[in-house]
Ligand code: NAD
């Protein structure tokens with residue numbers, strides 16, 4: 001396989017049909033460090049055809065492979081991911097800018113996801129007997145794979161997002177074409193290599209590297225694609241989904257978020273409580289430079305503790321060690337691209353113009369050995385005095401920007417936290433368990449953390465209310481996205497029904 005042979009179709013690694021290539025940049029210095037195939041519509045068509053043949057109307061080798069063997073393959077993949085842990089962490093760090101440690105955490109999480117879906121599909125493989133109200137009827141609901149899945153993923157967690165789709169898709173017996181983000185395709189290419197090494201039959205796992213348009217758009221509209229699963233931004237996701245809907249495909253969308261982190265004063269009643277809430281607010285907002293769909297980008301803090309809380313938060317944010325993700329001691333990497341940097345700068349400018357008060361950051365850092373001047377670095381930024389009419393509060397910035405709003409009572413806290421068109425995730429911090437649970441119950445978000453931020457479990461569904469998406473990944477629902485239910489009704493004592501007198 002040569003450097004630009006990153007398209008895998010029907011068991012063969014190859015270049016784009018057009019011969020086009022794209023250089024992948026290291027966001028820490030904006031220098032190209034790898035070349036990948038720049039696929040087009042013809043490559044998407046070839047990949048779908050291969051997946052379609054391998055599925056073969058449900059008669060292909062993989063959809064008919066016994067569940068225990070499919071689960072065994074997923075477990076082999078989990079083992080290979082751990083074997084290549086350091087290599088994958090390095091790929092992810094150079095491609096996305098995240099730190100090596102974040103890359104390792106991603107590999108471990110992904111390993112768990114493959115293991116989880118191996119176990120789940122084993123336990124959930126049996127059908128469900130339905131009581132038809134007669135001893136002469138045997139009625140059962142069974143699961144079958146959906147067919148050819150088109151899987152589209154974003155640049156912020158490339159390995160993780162691809163795995164949350166690929167593991168359940170394979171567990172359920174589907175074939176697929178994955179299209180990673182053109183900005184960060186490398187770890188998904190490596191993952192497909194591991195699937196091949198683990199023994200998947202040719203045509204089951206296909207990858208086309210290339211841009212959203214035309215590759216992703218072609219997959220969305222392709223008549224031989226049965227399921228379209230997209231993780232990415234609201235605008236491109238809904239655009240792609242429209243053509244998928246026109247073809248009556250099954251659709252799953254994991255879109256953006258604008259996530260509230262609600263802190264009550266009683267969470268800060270002790271010094272330990274205060275320290276923990278500040279520390280976690282910092283982590284919620286700034287890990288991976290805020291390029292996280294569930295980032296706690298809206299700090300909503302009770303008025304009585306707001307000033308002390310924000311002063312300490314800004315003080316600690318200023319100390320975050322920013323630099324190349326692969327360097328020792330770095331806590332936060334660069335943004336992923338010039339486009340993302342421009343977007344973040346524009347959001348900060350608009351916030352200041354709308355009256356926000358800059359508490360720290362608000363600019364690019366001084367270049368240093370750890371931070372080349374050409375890299376896409378931006379300082380962690382805290383904006384106080386924000387309100388819900390501001391663009392920076394309403395829209396997903398996907399950068400290291402934390403906005404601060406305050407509230408006077410529980411009712412106002414809930415109203416603020418729910419005042420978003422999104423509904424992906426959010427947190428509530430309180431020393432009063434009853435209050436924390438009350439508020440959590442009222443938050444219209446797909447994941448709510450109480451006195452924590454960011455953990456997720458493979459066995460718990462992930463996804464959003466409102467414009468954060470349609471459907472769920474992970475958990476049983478994450479497997480069901482990739483399964484059809486089929487009702488088989490067997491009459492053990494057939495007899496005429498005499499509906500027609502005849
Ligand atoms: P994006 O929407 O620009 O791109 C996502 C993917 O869609 C890429 O592979 C891209 O090439 C492809 N694409 C773009 N236009 C397309 C089209 N017309 N048809 C088909 N495919 C198309 O998003 P991004 O900038 O890569 O990622 C950031 C976004 O992803 C943020 O909004 C973030 O919140 C979201 N995200 C959500 C989750 C979640 O779990 N809900 C997780 C990670 C990221």
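When the residues of the stretch 480-494 are narrowed to those that are within 18 Å of residue 250 (Cα to Cα) and in a loop (DSSP other than H, G, I, E, B), which ends up nearest to the ligand (Cβ to nearest atom)?
So in the stretch 480-494, the residues within 18 Å of residue 250 (Cα to Cα) come out as 480-486.
Going one step further and asking which of them are in a loop (DSSP other than H, G, I, E, B), we end up with 481-482.
Values: 481: 13, 482: 16 Å.
Filtering the stretch 480-494 for residues that are within 18 Å of residue 250 (Cα to Cα) and in a loop (DSSP other than H, G, I, E, B), the one nearest to the ligand (Cβ to nearest atom) comes out as 481.
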Residue 388 free of Cβ contacts under 8 Å to residues at least 40 places away in the same chain and within 22 Å of residue 466 (Cα to Cα) = yes
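Return yes when residue 183 is under 19 Å from the mean Cα position of the chain (by Cα) and over 14 Å from residue 77 (Cα atoms) and no when it is not.
Details: under 19 Å from the mean Cα position of the chain (by Cα): yes; over 14 Å from residue 77 (Cα atoms): yes.
So residue 183 fits the description; yes.
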query = Hey, residue 434 hits all of (1) in contact (Cβ under 8 Å) with a residue 24 or more places away in the chain; (2) more than 13 Å from residue 300 (Cα to Cα); (3) surrounded by fewer than 19 Cβ atoms within 10 Å (Cβ to Cβ) but one; which does it fall short on?
reply = (1)
query = Within the bounds of the stretch 118-125, is there any residue that is touching a helix residue (DSSP H, G or I) at 6+ places or on another chain (Cβ under 6 Å) and modelled with pLDDT under 95?
reply = yes
request  = Taking the options 335, 313, name whichever one is within 16 Å of the ligand (Cβ to nearest atom) and in contact (Cβ under 8 Å) with a residue 24 or more places away in the chain.
outcome  = 335
inquiry  = Which count do you get for residues in the stretch 189-215 that are more than 10 Å from the ligand (Cβ to nearest atom), outside any loop (DSSP other than H, G, I, E, B) and within 29 Å of residue 238 (Cβ to Cβ)?
reply    = 6
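So that you can scan it fast, the table gives a plain yes or no per residue for (1) out of contact with any strand residue (DSSP E or B) (no Cβ under 7 Å at 6 or more places or on another chain); (2) under 30 Å from residue 489 (Cα atoms):
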position	(1), (2)
78	yes, no
82	yes, no
106	yes, no
128	no, yes
143	no, yes
149	no, yes
152	no, no
164	no, no
170	yes, yes
task = Please state which of the following conditions residue 266 fails to meet, knowing it meets all the rest: (1) free of Cβ contacts under 8 Å to residues at least 60 places away in the same chain; (2) away from the ligand (no atom under 15 Å from the Cβ); (3) more than 28 Å from residue 336 (Cα to Cα).
result = (1)
message = Which residue is surrounded by the fewest Cβ atoms within 10 Å (Cβ to Cβ), if the candidates are limited to the stretch 245-257 and must be in contact with a helix residue (DSSP H, G or I) (Cβ under 7 Å, 6 or more places away or on another chain) and closer than 17 Å to residue 463 by Cβ?
response = 251
remark   = Of those in the stretch 170-188 that are free of Cβ contacts under 8 Å to residues at least 60 places away in the same chain and in a loop (DSSP other than H, G, I, E, B), the residue farthest from the ligand (Cβ to nearest atom) is 180
task = Would you check if there is a residue in the stretch 417-427 being surrounded by fewer than 17 Cβ atoms within 10 Å (Cβ to Cβ) and within 15 Å of the ligand (Cβ to nearest atom)?
result = yes
message = Anything in the stretch 323-348 that is more than 17 Å from residue 396 (Cβ to Cβ) and out of contact with any helix residue (DSSP H, G or I) (no Cβ under 8 Å at 6 or more places or on another chain)? List them, or say none.
response = 323, 324, 327, 328, 329, 330, 331, 338
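Going by the conditions given, is residue 285 within 29 Å of residue 98 (Cβ to Cβ), in contact with a helix residue (DSSP H, G or I) (Cβ under 7 Å, 6 or more places away or on another chain) and more than 10 Å from the ligand (Cβ to nearest atom)? Spell out how you get there, then give the answer.
On the way: within 29 Å of residue 98 (Cβ to Cβ): yes; in contact with a helix residue (DSSP H, G or I) (Cβ under 7 Å, 6 or more places away or on another chain): no; more than 10 Å from the ligand (Cβ to nearest atom): yes.
For residue 285, the condition - within 29 Å of residue 98 (Cβ to Cβ), in contact with a helix residue (DSSP H, G or I) (Cβ under 7 Å, 6 or more places away or on another chain) and more than 10 Å from the ligand (Cβ to nearest atom) - is not met.
Mind telling me which of the residues 61, 111, 96, 65 ends up being closer than 25 Å to residue 210 by Cβ and modelled with pLDDT of 95 or more? So that I can check it myself, show each step before the final result.
Values: 61 fails: closer than 25 Å to residue 210 by Cβ; 111 fails: closer than 25 Å to residue 210 by Cβ; 65 fails: closer than 25 Å to residue 210 by Cβ.
Among 61, 111, 96, 65, only 96 is closer than 25 Å to residue 210 by Cβ and modelled with pLDDT of 95 or more.
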inquiry  = I'd like to check something: does the stretch 59-67 contain any residue that is crowded, with 20+ Cβ neighbours inside 10 Å, in contact with a strand residue (DSSP E or B) (Cβ under 8 Å, 6 or more places away or on another chain) and in a helix (DSSP H, G or I)?
reply    = no
query = Out of (1) in a strand (DSSP E or B); (2) touching a helix residue (DSSP H, G or I) at 6+ places or on another chain (Cβ under 7 Å); (3) more than 16 Å from the ligand (Cβ to nearest atom), what's the single condition that is false for residue 114?
reply = (1)
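Residue-wise test of (1) over 27 Å from residue 33 (Cβ atoms); (2) surrounded by fewer than 15 Cβ atoms within 10 Å (Cβ to Cβ).
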site	(1), (2)
287	no, no
318	yes, yes
324	no, no
334	no, no
337	no, no
343	no, no
346	yes, yes
359	yes, no
367	no, yes
task = Return yes or no: is residue 151 within 13 Å of the ligand (Cβ to nearest atom) and surrounded by fewer than 23 Cβ atoms within 10 Å (Cβ to Cβ)?
result = no
inquiry  = Can you report the number of residues in the stretch 453-479 which are within 22 Å of residue 145 (Cβ to Cβ), part of a helix (DSSP H, G or I) and either in contact (Cβ under 8 Å) with a residue 60 or more places away in the chain or touching a helix residue (DSSP H, G or I) at 6+ places or on another chain (Cβ under 7 Å) (or both)?
reply    = 3
ask   = For the stretch 216-236, which residues satisfy the criterion of being near the ligand (Cβ under 6 Å from one of its atoms), surrounded by fewer than 23 Cβ atoms within 10 Å (Cβ to Cβ) and part of a helix (DSSP H, G or I)?
value = 217, 236
note = Going through (1) in contact (Cβ under 8 Å) with a residue 24 or more places away in the chain; (2) surrounded by fewer than 19 Cβ atoms within 10 Å (Cβ to Cβ); (3) farther than 30 Å from residue 304 by Cβ one by one, residue 273 fails only at (3)
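Considering only helices (runs of 4 or more DSSP H) fully contained in the stretch 315-423, which possess at least 2 residues that are modelled with pLDDT of 95 or more and more than 26 Å from residue 446 (Cα to Cα)? Break it down stepwise before answering.
Details: elements: 338-353, 391-394, 410-418.
Counting at least 2 such residues, we get 338-353.
The values are calculated or read from the model by the stated rules, or taken from the named source; none is laboratory data. Only a predicted model underlies this, so the values are computations on that prediction, with no experimental measurement involved. Because the Cβ atoms are built from the backbone with ideal geometry, glycine has one as well, and the counts that use them run over all protein chains shown.
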